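See structure below.
The values are calculated or read from the model by the stated rules, or taken from the named source; none is laboratory data. All figures in this text were calculated on a predicted structure; none of them were measured in a lab. Here the Cβ positions follow ideal geometry from the backbone for every residue, glycine too, while neighbour counts run over all protein chains shown. Side chains are part of the model used for accessible areas, which takes the heavy atoms of the whole protein and leaves out ligands, DNA and RNA. Shrake-Rupley method; radii C 1.70, N 1.55, O 1.52, S 1.80 Å.
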Amino acid sequence: MARKKIALIGAGMIGGTLAHIAAQKELGDVVLFDIAEGIPEGKGLDIAESSPIDGYDSRLKGTQDYKDIAGADVCIVTAGVARKPGMSRDDLLGINLKVMKSVGEGIKAHAPNALVICITNPLDAMVWALQKFSGLPENKVLGMAGILDSARFRYFLAEEFDVSVESVTAFVLGGHGDTMVPLVRYSTVAGIPLPDLVEMGWTSQDKIDAIVERTRKGGGEIVGLLKTGSAYYAPAASAIQMAESYIKDKKLVVPCAAKLSGQYGLKDLYVGVPIVLGADGCERIVEVKFNPDEKEMFDNSVAAVKELMEACVKLDPSL
Ligand code: TXD
C-alpha cells in the first residue's frame, strides 16, 4: 500500500509542528507549502534529519508550488496572518479571506479529493469561505477548533480533580472565540457528569465556573505568555487527531466546525458541533439537546459567527 500524502498549506508555527507530528506518526509523506521561500524547505529538511534518530519513514518536501500538493489525501490549512498590534479584526479578516481564496483555488486544482482541515482564524468564517472557494464537498471541508478548546477544558478539569486527562471527556461547541460554549452537563470524569461531581463534593460550582472562563480565554492566555505568537503545539495535535480519524476511518466523535444543513435549526454556516469523523469526512452531525441556558449561549455564538460571515461577504461579494 502506497503511503498517504499530507499537504500542509502554511509552514509557520503550527504548520511546522504538524509536519513533525505527522512524520513521527508515519501518517504519510508530508508536503509543506508556503509563500515564504526557504521556510518550508528548511523545516522539512530539519524534520527529515531527525527521522533516522526517531526511526520513522516519512518523506518531507518544502515547496512554493501548488503542483507539489497533487493528489494529497489530507490538506491542513494554517496559511494567513495572525493579528498584530494596531490591526483591526477586519484587517485580519480581509487579508486571510484573500489567502483562503488562493488556497481554495490551489486545493481545487491539485487536490480535489482531499479532506481539508482549516485552522486559520477567524476559524468559522474562514472555513466557510474556504469551502466555497475550493468548491470541495461540504463533508470534506472541516474546521479545527473544538478539539483544541475541549482539550484545554479537559486538561484544566484533570488538574482540578487530580485524575488522568484520559478519564476526562468534555465538549466545547459553538464558534471559536469568546462566545464558545463549554458544555458542563456533557463533560465527565469516567462518564460521571460534572454537575454530579459537584454534588459529590469533588469540586465546587465556583471552581467549575472559573475553569469554564479559563477555557474560553485559553488562546489569549497562551498569547499573553508567548507575546510573539499564538499556541501551536495543542492546535497541531488537535488537527492531527482529525487527520488520523479520517485516514484510519476511526469514526471518532469530536467537536469540529462543520457545515450545517438544517441541524440545530441552522443552514449554510460552519460552527463547532460534535461530528462522526471517518473515511467520508463528516459522516454525521450529532445534535446535542440543549437546556435553555446552553441554547442561549449557542445562539449568541452563532450570531458572532454570522457577523463575521457578513463581513466576509462585504469584502468579497462573490461569496
Ligand atoms: O483553534 C484554532 N483554529 C487556532 C487558530 C488556534 C491557534 C492559532 N490559530 C490560527 O492559525 C492563527 O490565528 C493563524 O491564523 C493560523 C496559523 O497560526 P501559526 O501560529 O502557524 O501562524 P504563522 O506562524 O504566522 O504561520 C502562518 C504561515 C506563515 O508561514 C506565512 O508565510 C504563511 O502562513 N502564509 C501563506 N502560506 C501559503 N499561502 C499564502 N497565501 C500565505 N500567506 C501567508
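For the range 97-114, name all the residues that are of a type in the set (A, V, I, L, M, F, W, C), open to solvent by 30 Å² or more (accessible area, probe 1.4 Å) and in contact with a helix residue (DSSP H, G or I) (Cβ under 8 Å, 6 or more places away or on another chain). Before you say what the answer is, go through the steps one by one.
Initially, the range 97-114 is screened for residues of a type in the set (A, V, I, L, M, F, W, C), giving 97, 99-100, 103, 107, 109, 111, 114.
Filter once more, keeping what is open to solvent by 30 Å² or more (accessible area, probe 1.4 Å): 99, 109.
The answer is A109, and nothing else.
Any idea which residue in the range 2-25 is farthest from the ligand (Cβ to nearest atom), counting only those that are part of a loop (DSSP other than H, G, I, E, B) and within 14 Å of D73 (Cα to Cα)?
Start the filter on the range 2-25 by keeping residues that are part of a loop (DSSP other than H, G, I, E, B), which leaves 2-4, 10-12, 25.
Narrowing the set further to residues that are within 14 Å of D73 (Cα to Cα) leaves 2-4.
Values: A2: 26, R3: 23, K4: 21 Å.
Result: A2.
Need the failing condition index for A210 against (1) hydrophobic (A, V, I, L, M, F, W, C); (2) out of contact with any Pro (no Cβ under 8 Å at 6 or more places or on another chain); (3) within 22 Å of M144 (Cβ to Cβ); (4) outside any loop (DSSP other than H, G, I, E, B), just the number.
It is condition (3) that A210 fails.
Determine if the range 115-134 includes at least one residue that is open to solvent by less than 20 Å² (accessible area, probe 1.4 Å), in a helix (DSSP H, G or I) and without any contact (Cβ under 8 Å) to a residue 40 or more places away in the chain.
Yes: the range 115-134 contains one or more residues that are open to solvent by less than 20 Å² (accessible area, probe 1.4 Å), in a helix (DSSP H, G or I) and without any contact (Cβ under 8 Å) to a residue 40 or more places away in the chain.
Out of all the residues in the range 147-179, which are open to solvent by 10 Å² or more (accessible area, probe 1.4 Å) and assigned to a loop (DSSP other than H, G, I, E, B)?
D162, V163, S164, H176, G177, D178, T179
Taking the range 253-282 only, how many residues are open to solvent by 50 Å² or more (accessible area, probe 1.4 Å) and assigned to a strand (DSSP E or B)?
So the count comes out to 4.
Does the range 8-50 hold any residues that are surrounded by fewer than 16 Cβ atoms within 10 Å (Cβ to Cβ) and either modelled with pLDDT under 95 or farther than 23 Å from G104 by Cα (or both), and which are they? Working first, answer last.
Of all residues in the range 8-50, those surrounded by fewer than 16 Cβ atoms within 10 Å (Cβ to Cβ) come to 25-26, 35-38, 42, 45-46, 49-50.
Once the filter is applied, which keeps residues that are surrounded by fewer than 16 Cβ atoms within 10 Å (Cβ to Cβ) and either modelled with pLDDT under 95 or farther than 23 Å from G104 by Cα (or both), the range 8-50 yields K25, E26, G42, L45, D46, E49, S50.
Cβ-Cβ under 7 Å, sequence separation 6+ or interchain: first residue in the range 286-304 and at pLDDT 95 or above, partner open to solvent by 100 Å² or more (accessible area, probe 1.4 Å). Which pairs?
Cβ pairs passing all conditions: none.
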